[in-house]
Amino acid sequence: MWLVPPFLFGLAHLDRVESGPIGDWRTASRAPVGLAPDPKTTPEPVVQVYAARAVRWRGYFGVHTWVAVKPRDAADFTVYEVNGWRLRRTGSAVNVDHRSPDSRWFGSRPDLLAEARGDGADELILRIEQAVADYPYADTYRVWPGPNSNTFVAHVLRAAPELRADLPATAIGKDYLGTPFAAKSPSGTGGQLNLFGALGVLAGVEEGVEVNVLGATFGIDPLDLALKLPLAGRVGWPKATAEAGE
């Protein structure tokens, strides 16, 4: 793991590695952790964005991200994510199901990155659904440098800038743009240039400044007094969950 200088030790907030990188993924917990509202008692529309350490050895290097939506008065959430095994089985990497949005990712506890509820969330959900349908790499999956699950979520988030979601530095593949080589940052508060996920720069109000080298992210987030590093992820003050409209 990356070492934290002594003067930052008290501020360190390293991404949690629980049972994702180790153990038997087939028996790992998929239980919810209490970050999502009960749809049966929550009539308002809800959008949530999550990240959790990836399965087995990949979890030491990166996270898996996904987006969950619950339309107004819906009885359950719909979770959108991309999986390599889904592509091998069905010919499309995009997976749509109704699992608990805050369930552990094969043992790893998820972090809630952004959320929107109530007024305005209805329109967000419509744009998210369209972005899922328009995802250009549904027939392709590469762990590195992308396109992968984080490429997919970054694509979806660009259609919902109100979320102001800051994807973790450990979301390898989030910077893969294919062609063209320029785009808005996933939070919608800045822009980025990137060459096939291997070399690029990003600057945004929400993300700060990031440099991408061979899929690894190095950056600084001045507003939240944090560094962004490979493996460790975020080092600094804990980042509060972003809510639409803030």
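The values are calculated or read from the model by the stated rules, or taken from the named source; none is laboratory data. Here the structure is a predicted model, which means the values were calculated and not measured. Quick reminder, even Gly has a Cβ in these numbers, built from the backbone with ideal geometry, and neighbours come from all protein chains shown.
Go through (1) within 13 Å of Trp66 (Cβ to Cβ); (2) at pLDDT 95 or above; (3) buried (at least 23 other Cβ atoms within 10 Å of the Cβ) and name the single condition Arg104 misses.
Checking Arg104 against (1) within 13 Å of Trp66 (Cβ to Cβ); (2) at pLDDT 95 or above; (3) buried (at least 23 other Cβ atoms within 10 Å of the Cβ), the one that fails is (3).
Condition (residue is in contact with a Gly (Cβ under 8 Å, 6 or more places away or on another chain) and crowded, with 24+ Cβ neighbours inside 10 Å) applied to the stretch 67-74: is it met by at least one residue?
No; the residues of the stretch 67-74 include none that is in contact with a Gly (Cβ under 8 Å, 6 or more places away or on another chain) and crowded, with 24+ Cβ neighbours inside 10 Å.
Please specify each residue of the stretch 91-100 satisfying the condition of being closer than 15 Å to Val132 by Cβ and out of contact with any Leu (no Cβ under 6 Å at 6 or more places or on another chain).
Across the stretch 91-100, the qualifying residues are Ser92, Val94, Asn95, Val96, Asp97, His98.
Of all residues in the stretch 187-205, count the ones that are at pLDDT below 95 and surrounded by 21 or more Cβ atoms within 10 Å (Cβ to Cβ).
1
Would you please list the contacts, defined by Cβ atoms under 7 Å and residues six or more apart or on different chains, that run from a residue in the stretch 68-93 that is touching a residue at least 12 places away in the same chain (Cβ under 8 Å) and over 19 Å from Pro32 (Cα atoms) to a residue that is of a type in the set (Val, Ile, Thr) and in a helix (DSSP H, G or I)?
Within 7 Å, the pairs are Pro71/Ile125.
If you check Lys174, Lys184, which single one turns out to be among the charged types (D, E, K, R), under 19 Å from Arg53 (Cβ atoms) and either crowded, with 21+ Cβ neighbours inside 10 Å or without any contact (Cβ under 8 Å) to a residue 60 or more places away in the chain (or both)?
Lys174
I need a count of the residues in the stretch 54-67 that are hydroxyl-bearing (Ser, Thr, Tyr) and without any contact (Cβ under 8 Å) to a residue 60 or more places away in the chain.
Residues that pass the stated criteria total 0.
Which one of these is in a loop (DSSP other than H, G, I, E, B) and hydrophobic (A, V, I, L, M, F, W, C): Leu223, Leu202, Leu167, Leu193?
It is Leu167.
If you scan the stretch 30-63, which residues turn out to be buried (at least 17 other Cβ atoms within 10 Å of the Cβ), of a type outside the set (Gly, Ala, Ser) and within 21 Å of Arg164 (Cβ to Cβ)?
Selection gives Leu35, Pro37, Pro45, Val46, Val47, Gln48, Val49, Tyr50, Val63.
Can you find, within the stretch 110-134, the residue that is farthest from the chain's Cα centre (by Cα) among those that are buried (at least 20 other Cβ atoms within 10 Å of the Cβ) and not in a helix (DSSP H, G or I)?
Taking the candidates together, the pick is Ala116.
Right, Ala51: closer than 17 Å to Asn150 by Cα, under 17 Å from the mean Cα position of the chain (by Cα) and either part of a loop (DSSP other than H, G, I, E, B) or free of Cβ contacts under 8 Å to residues at least 60 places away in the same chain (or both) or not?
no
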